[in-house]
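**Student:** Please read through the structure below; I'll follow up with questions.
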Amino acid sequence: MIDPSKISELSRVAKLMVAPGKGILAADESMKTVGKRFASIALENNEDNRRAFREMLLTVPGEDKYISGVILHDETIRQGMSSGKTFVEVLQAAGILPGIKVDLGLVDMGSEKLTTGLEGLDARLKEYVALGAKFCKWRSVITIGTGGAGEALPTEENIRQNAKDLAAYALVCQENGLVPMVEPEVLLDGAHTQAQAEQASERILTALFEELRAAGVALEGTILKTSMVLPGKDSGVKASPEQVAEATLRVFKKCVPAELAGEAFLSGGQGDVEATENLNAINQDKNLLWPLTFSYARALQDAATKTWKGMPENLQAAQNVFLHRAKMNSLASLGQYSSDMEQNVPQEAGATTSQD
Ligand code: 13P
């Protein structure tokens, strides 16, 4: 069990992470994944360029209005501005909570995946606390489909082991005074139906909350980070925002305890406007038990990255594009977004350059 004296601070930080109108920027891509993003703008994947990329995202003037926290990568939490300040200091000065991805990636288990990183976690977390982190992320991955031996995925074993690992991680985080984001990502890859995604999400969240409770994790100091309930990207079906909201909220109302501090969705390969529209549809429900906001990587970064292209002269335009996307998602988290707001990047963002 978590020392009760720690719970009020964990709960305070968790509430800040999902404060009204705010969401979390995921900027914790592995070096390999950053390489894919850079390939799309023909930029070399080296430490200097990754540092400049993160500086572009973390120094957007005014982003603190919409962004409560940023998930950093191990490399980034140790880096800083060209001028010398660390990124953690920059975020702290802007009132944005620094977070850190602490899992060590995926391993194959038959046709499915497990996440590594529990060994040595406590010592790594102590270092991250000293570096200024306030919250953590651990991502597990769930696949829907058929495995190599003809088995239906996800299997019960995989769901249970991922849930146990997420709970073990969350407990170590809370013991170290860090708010855990627990992320069971249901992959969009595949030809599954939205009903299959709903069924898988229900099984996963049921197992996850059983394991979190069994481990003694304080849910009021925990943030869930899941996928919206969507049909697979190869299903040939596109669900409307209303259909996404209905299916997602059906699962949440069945499986997510009221004590949970909140949920921050991943974008998971949705288009950036699509991810905003779906979040907005979800937040039309005014009787929700928890704040439901965003914790996007691609859907927040992609347009800004394409505008930036690694060129200092594009920095301001790219930051304007980022700020616009963050604002749209902020409005969506309040259920106040409409697509006509996409027409012009608002003047307060000072935009002059269109997205490409
Ligand atoms: P996407 O929003 O690009 O899915 O990434 C969010 C994330 O943090 C995945 O772990």
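The values are calculated or read from the model by the stated rules, or taken from the named source; none is laboratory data. Since the model is a prediction, treat every value here as computed from it, not as a measurement. For neighbour counting, all protein chains shown are included, and Cβ atoms are generated from backbone atoms with ideal geometry for every residue, glycine included.
**Student:** List the pairs whose first member sits in the range 269-288 and is assigned to a loop (DSSP other than H, G, I, E, B) and among the basic types (Lys, Arg), whose second member is away from the ligand (no atom under 12 Å from the Cβ) and at pLDDT 95 or above, and whose Cβ atoms are under 9 Å apart, counting only residues at least 6 apart or on separate chains?
**Tutor:** 286/335
Yes/no per residue for (1) of a type outside the set (Lys, Arg); (2) within 15 Å of the ligand (Cβ to nearest atom); (3) within 16 Å of the chain's Cα centre (by Cα):
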{"site": "238", "(1), (2), (3)": "no, no, no"}
{"site": "246", "(1), (2), (3)": "yes, no, no"}
{"site": "255", "(1), (2), (3)": "yes, no, no"}
{"site": "259", "(1), (2), (3)": "yes, no, no"}
{"site": "267", "(1), (2), (3)": "yes, yes, yes"}
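**Student:** Going through 188, 230 one at a time, which residue ends up being assigned to a loop (DSSP other than H, G, I, E, B), surrounded by fewer than 24 Cβ atoms within 10 Å (Cβ to Cβ), within 16 Å of the ligand (Cβ to nearest atom) and aliphatic (A, V, I, L, M)?
**Tutor:** Working: 230 fails: surrounded by fewer than 24 Cβ atoms within 10 Å (Cβ to Cβ).
Going through 188, 230 in turn, just one is assigned to a loop (DSSP other than H, G, I, E, B), surrounded by fewer than 24 Cβ atoms within 10 Å (Cβ to Cβ), within 16 Å of the ligand (Cβ to nearest atom) and aliphatic (A, V, I, L, M): 188.
**Student:** Now a separate question. Can you list residue pairs whose Cβ atoms sit under 7 Å apart, with the first residue in the range 198-225 being farther than 13 Å from residue 171 by Cβ and the second being aromatic (Phe, Trp, Tyr) and modelled with pLDDT under 95? Count only pairs 6 or more apart in sequence or on different chains.
**Tutor:** Note: no pairs meet the criteria.
**Student:** Taking the residues in the range 292-325 that are surrounded by fewer than 24 Cβ atoms within 10 Å (Cβ to Cβ) and within 16 Å of the ligand (Cβ to nearest atom) as candidates, determine which candidate is nearest to residue 48 (Cα to Cα).
**Tutor:** 305
**Student:** Enumerate the pairs (first residue in the range 25-52 and in a helix (DSSP H, G or I); second residue anywhere and among the hydroxyl-bearing types (Ser, Thr, Tyr)) with beta-carbon separation below 9 Å, excluding pairs fewer than 6 apart on the same chain, so at least 6 apart or on different chains.
**Tutor:** Listed pairs, sorted by first residue: 37/305; 38/305; 50/76; 51/76; 51/82; 52/82.
**Student:** Can you name the residue in the range 174-185 that is within 16 Å of the ligand (Cβ to nearest atom) and either in contact (Cβ under 8 Å) with a residue 60 or more places away in the chain or among the β-branched types (Val, Ile, Thr) (or both) and, of all such residues, is surrounded by the fewest Cβ atoms within 10 Å (Cβ to Cβ)?
**Tutor:** 185
**Student:** If you don't mind, there's one more thing I want to ask. For the range 100-121, what are the residues that are loosely packed, with under 15 Cβ neighbours inside 10 Å, within 22 Å of the chain's Cα centre (by Cα) and not in a strand (DSSP E or B)?
**Tutor:** 105, 116
**Student:** List the pairs whose first member sits in the range 132-153 and is over 15 Å from residue 69 (Cβ atoms), whose second member is aromatic (Phe, Trp, Tyr) and within 16 Å of the ligand (Cβ to nearest atom), and whose Cβ atoms are under 9 Å apart, counting only residues at least 6 apart or on separate chains?
**Tutor:** Listed by first residue and then by second, the contacts come to 138/169.
**Student:** Of all residues being under 15 Å from residue 186 (Cα atoms) and hydrophobic (A, V, I, L, M, F, W, C) in the range 235-254, which is surrounded by the most Cβ atoms within 10 Å (Cβ to Cβ)? Just the residue, please.
**Tutor:** Across the range 235-254, the extreme among qualifying residues is 244.
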